[in-house]
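Engineer: What follows is a single structure, and I will ask about it in a moment.
The values are calculated or read from the model by the stated rules, or taken from the named source; none is laboratory data. Note that the coordinates shown come from a computational prediction; the quantities given were computed from them, not determined experimentally. Quick reminder, even Gly has a Cβ in these numbers, built from the backbone with ideal geometry, and neighbours come from all protein chains shown.
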Amino acid sequence: MRDDRQSPFRDAHTDRSTARHVPDTPQTRSAAYRLAFADEDFLCRDELRPVRLQLELLKPEMIMAERNITSTVVLFGGARIPAPANKDKARTQTLAELSKYYDEAREFARLITEKSKLTGCQEMVICTGGGPGVMEAGNRGAQEAGGCSIGLNIVLPHEQAPNAYVTPDLSFNFHYFAIRKMHFLMRARAITIFPGGFGTLDELFESLTLIQTGRMERVPFLLFGREFWERVINWKALADAGTISAEDLDLFRFVETAQEAVDIIENWEPAPPRDSIPGR
C-alpha cells in the first residue's frame, strides 16, 4: 500500500529494518525488546484482539480505497457446487443437478464485469468468498470479461487457497468471520445468493436481517433457483406464523438466469427505508 504523506519523523519501516541488525546480546534477544508492532507473538495475544479486529477492517478497506472501488456486486454460494464439466464427480445427484448454477454465476459475473469495466473497474466489482464452487465461477466470469474481482477468503482448519481467478491484489484473507461479512456488505450494490450450505445460509440470513431491520439500505437481493430455496426454506410458513411480516417476503426475488438478474439490477428503483413503511 502506498503512503504519500510526508512526516518529519523516522518511519516504522526503517526502524523495523534497523532493529534486525542490533548487537546480539541477552537483552536484544529478549521478547520484551522486540518492537511491539513487529512482534507477532505479542500481536496474537488475547488482549490484542481489538487491535487485530481493527487491522482486519482497515487493511482491505485501505487497499480497495486506493483502487477507488466504490461499489460491489456480491455472489454468495456453495463451495461444493461443481462446474458442469465435473458434475460426474459430484458427491450427490443433487449437487450434479445444481452444477448449472456454476455456469449461471460465471455468466452473471461476466455480464456485470462488462459494465464494471466502463467505470474503470471501480463500480459494481464482483465480490466472492474467494473459494471454489460458485465463488470460483464468479471470479472466473469476471476474469473472462477482462475485469477485476475481489475474493474474501478465510482461514479454515482444512488447508485451502484462493481460487485461481481472483485478482491477486484484491485477494484478502481473514481470521474473523464478522469482519469478513462487513466487507462483503459495506459496498454492496446488489446481493446474489446461489444454492449452498451452512455458510451460504448464514450469509443469506445475516444480510437479509440487516435489510429487514433497516440497518442496511435495500438493494437488489436475488436468490438463484426458486425450486432449491423453496425446498430448503419454508418462507410462507414464517410469514403465516407471524415470525416475519408478509411484506418481508418482498425483500428478495427469485431468479433463474444471469440475464434475468442483470435486468433486475439495471432497472432497480430503491424502495423507501424499512422504518418508514406504515405499520412497522
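Engineer: Out of the stretch 219-246, which residues are assigned to a helix (DSSP H, G or I) and exposed (fewer than 14 other Cβ atoms within 10 Å of the Cβ)? Before you say what the answer is, go through the steps one by one.
Structural biologist: Kept after step one, since they are assigned to a helix (DSSP H, G or I), are these residues of the stretch 219-246: 226-232, 235-241, 246.
Listed by number, the residues that qualify are ARG226, GLU227, GLU230, ARG231, VAL232, LYS236, ALA237, ASP240, ALA241, ALA246.
Engineer: Also: In the stretch 4-36, what residues are among the hydroxyl-bearing types (Ser, Thr, Tyr), in a helix (DSSP H, G or I) and under 40 Å from the mean Cα position of the chain (by Cα)?
Structural biologist: Across the stretch 4-36, the qualifying residues are THR14, SER17, THR18, TYR33.
Engineer: Between a residue in the stretch 249-260 that is in a loop (DSSP other than H, G, I, E, B) and any residue that is loosely packed, with under 14 Cβ neighbours inside 10 Å, which pairs come within a Cβ distance under 6 Å, given they are 6 or more apart or on different chains?
Structural biologist: Correct list of pairs: empty, since none qualify.
Engineer: Has the stretch 63-77 got at least one residue that is in a helix (DSSP H, G or I), at pLDDT 95 or above and touching an Asp or Glu at 6+ places or on another chain (Cβ under 8 Å)?
Structural biologist: Yes - at least one qualifying residue is present in the stretch 63-77.
Engineer: Let me ask another. Tally the residues that are over 26 Å from MET182 (Cβ atoms), of a type in the set (A, V, I, L, M, F, W, C) and part of a helix (DSSP H, G or I), restricting the search to the stretch 89-137.
Structural biologist: The qualifying residues number 4.
Engineer: So which residues in the stretch 45-56 are in a helix (DSSP H, G or I) and out of contact with any His (no Cβ under 8 Å at 6 or more places or on another chain), if there are any at all?
Structural biologist: ASP46, GLU47, LEU48, ARG49, PRO50, VAL51, LEU53, GLN54, LEU55 - these are the residues of the stretch 45-56 that are in a helix (DSSP H, G or I) and out of contact with any His (no Cβ under 8 Å at 6 or more places or on another chain).
Engineer: Then there's this: Which residue pairs have Cβ atoms closer than 6 Å, lie 6 or more positions apart in sequence or on different chains, and pair a first residue in the stretch 4-30 that is farther than 25 Å from MET62 by Cβ and β-branched (Val, Ile, Thr) with a second residue that is part of a helix (DSSP H, G or I) and modelled with pLDDT of 90 or more?
Structural biologist: Here the result reads VAL22/THR28, each pair linking the stretch 4-30 to a residue that is part of a helix (DSSP H, G or I) and modelled with pLDDT of 90 or more.
Engineer: Condition test on ILE179, is it in a helix (DSSP H, G or I), of a type outside the set (D, E, K, R), more than 16 Å from the chain's Cα centre (by Cα) and buried (at least 20 other Cβ atoms within 10 Å of the Cβ)?
Structural biologist: Answer is no for this residue.
Engineer: Does ILE150 fit the bill of being in contact (Cβ under 8 Å) with a residue 40 or more places away in the chain and either closer than 20 Å to VAL51 by Cβ or under 10 Å from the mean Cα position of the chain (by Cα) (or both)? I'd like the intermediate steps shown before the answer.
Structural biologist: Details: in contact (Cβ under 8 Å) with a residue 40 or more places away in the chain: yes; either closer than 20 Å to VAL51 by Cβ or under 10 Å from the mean Cα position of the chain (by Cα) (or both): yes.
Criteria met by ILE150.
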